[in-house]
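Chemist: One structure, as structure tokens, below. Some questions next.
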Amino acid sequence: MYTTDLSRVGKSGLEAPARVEPAALLEKFEARVAADDFIEPKDWMPEAYRRTLIRQISQHAHSEIVGMLPEGNWISRAPSLRRKAVLLAKVQDEAGHGLYLYCAAETLGASRDEMTEALLAGRAKYSTIFNYPTLTWADMGAIGWLVDGAAIMNQVPLQRTSYGPYARAMVRICKEESFHQRQGYEIMMAMCAGSPAQKRMAQDALDRWWAPALMMFGPPDENSPNTAQSIRWRIKRETNDELRQRFVDATVPQAQALGLTIPDPDLRWNEAKGGYDFGALDWEEFYAVVRGEGQVAKERMEARRKAWEDGAWVRDAAIAHSAKRAKAAEAA
């Protein structure tokens, strides 16, 4: 999932005040969640649960939309018509994912305008992975293989998240992300089977995207303040570290099949745990990127701000058209 585990914030961007919930309603809610029932929009829910979902779903939606930018950068430079058509389809899918997720967040009482304005004002975040540049065509393969692969690892459990609209949106999103991961791996296969220069390009992309992909799962569990409560409420099903480990274990054999080397000298198979040990990540870099210090963070936000401002007339026209139809229906 394209999310970053951050502190809880309210609509103002400040820490939302705690609220005492009715004990009977809270007990009933906790029992439903523990029984794996879906919570629906009209059901009673704790305010903290609602706020947590708005934060997570809106961040996920923002990430899908911002995630179109690094790949859109390569549509006109794709090496063949087939590659161009596939990349166009993928970027179109990401736009649809953002739409599904914004709609899911709206069922919790957050408007699309509020969510977008929070992003543009810096109060809301998107996945740190999209603040890295796409330097070569091989990056399109690495993003599909690693970034979408990490997203799938995070998103499949979300099909069983406790909030019904979010869980149902994830069903289609996961199917489409599986296609995205396969097309990325296919690009890497083609490059690794090509010329020595193409294989070096594929290795370079892996070298640059490996650590950022692992950071997509969020900070270590001991530094992730929201994880315990999110798991208790079944918003999340597994911890950041559990998902990160699963991703490493699945991806290392894929790299070996390509003839590529994972850029981690500490990577070792651990027979006792049945998985790979891997080196420490640079969490200072992670938090710097979260703060907006990524290599292309300013460029990404400028693009989103321009799109929002340029699209104002479309939103205004749609609202005016809707009002006109409503007035006509009343008069009929």
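The values are calculated or read from the model by the stated rules, or taken from the named source; none is laboratory data. Model, not experiment: these values are computed from the prediction. Cβ: placed from backbone, ideal geometry, glycine included. Neighbour counts: every protein chain shown. Ligands, DNA and RNA are stripped out before the accessible areas are found, and what is left, the full protein with its side chains, is counted by its heavy atoms. Shrake-Rupley method; radii C 1.70, N 1.55, O 1.52, S 1.80 Å.
Chemist: Taking amide H atoms as placed 1.01 Å from N in the peptide plane, list the residues 5 or more away in sequence, or in a different chain, whose amide H sits under 5 Å from that of Ile39.
Modeler: Tyr163, Gly164
Chemist: Something else about it: Each residue of segment 20-27 in turn: what ³J(HN,Hα) in whole Hz from Karplus with 6.51, -1.76, 1.60 and θ = phi - 60°, glycine and Pro shown as x?
Modeler: Along segment 20-27, the couplings run 7, 9, x, 4, 5, 5, 5, 5 Hz.
Chemist: Just going by the charge dipole of the chain, with Lys and Arg at +1 and Asp and Glu at -1 on Cβ, which of Ser127, Leu25, Cys174 is farthest out on the positive end?
Modeler: Cys174
Chemist: Given H placed 1.01 Å from N in the peptide plane, which residues other than close sequence neighbours of Ala124 have an amide H under 5 Å from its amide H?
Modeler: Those lying under 5 Å, H to H, from Ala124 are Leu119.
Chemist: For segment 50-55, take each phi angle, set θ = phi - 60°, evaluate the Karplus expression 6.51 cos²θ - 1.76 cosθ + 1.60, and give the result in whole Hz per residue in order, putting x for glycine and proline.
Modeler: 4, 5, 4, 5, 4, 4
Chemist: Do you know the Lys pair count in the chain for C-alpha distances under 16 Å, with sequence separation 8 or more or different chains?
Modeler: Lysine pair count for the chain: 5.
Chemist: Identify, among Ser80, Ala48, Gly109, the residue whose Cα sits farthest towards the positive end of the charge dipole of segment 35-159, taking +1 on the Cβ of Lys and Arg and -1 on the Cβ of Asp and Glu, with the dipole about the Cα centre.
Modeler: Value: Ser80.
Chemist: Once you charge only the Cβ atoms, +1 for Lys and Arg and -1 for Asp and Glu, what is the size of the charge dipole of segment 64-145 about its Cα centre, to the nearest 20 debye?
Modeler: 420
Chemist: With θ set to phi - 60°, apply the Karplus curve 6.51 cos²θ - 1.76 cosθ + 1.60 along segment 315-332 and write out the HN-Hα couplings as whole Hz, x wherever there is a Gly or Pro.
Modeler: 5, 5, 5, 5, 5, 5, 5, 5, 5, 5, 5, 4, 5, 5, 5, 5, 6, 6
Chemist: For Trp269 paired with Glu293, estimate the spin-label separation in nm (one decimal), with each label point 7 Å from Cα along the Cα-to-Cβ line.
Modeler: 3.9
Chemist: Taking amide H positions as placed 1.01 Å from N in the peptide plane, with prolines and chain starts having none, which residues 5 or more places from Tyr276, or on another chain, fall under 5 Å of its amide H?
Modeler: Asp249, Asn270
Chemist: Out of the total accessible area of segment 28-95 (probe 1.4 Å, heavy atoms of protein only), what percent is carbon and sulfur?
Modeler: C and S atoms contribute 58 percent here.
Chemist: Now, a different point. Hey, with R₀ at 35 Å, roughly what FRET efficiency would Arg315 and Gln198 work out to, going by the Cβ-Cβ distance, to 0.05?
Modeler: Using R0 = 35 Å, I get an efficiency of 0.20.
Chemist: Rounded, prolate or oblate, given the Cα gyration tensor of segment 142-237, with a/c below 1.5 counting as rounded?
Modeler: Oblate shape, in that a/c is at least 1.5 and b/c is the bigger or equal ratio.
Chemist: Heads up, I need the accessible area for Glu222: 1.4 angstrom probe, whole protein in place, Å², nearest 10.
Modeler: 140
Chemist: Put a dot 7 Å past each Cα toward the Cβ at Asp221 and Ala24; how far apart are the dots in nm?
Modeler: Between Ala24 and Asp221, the simple spin-label model gives 3.8 nm.
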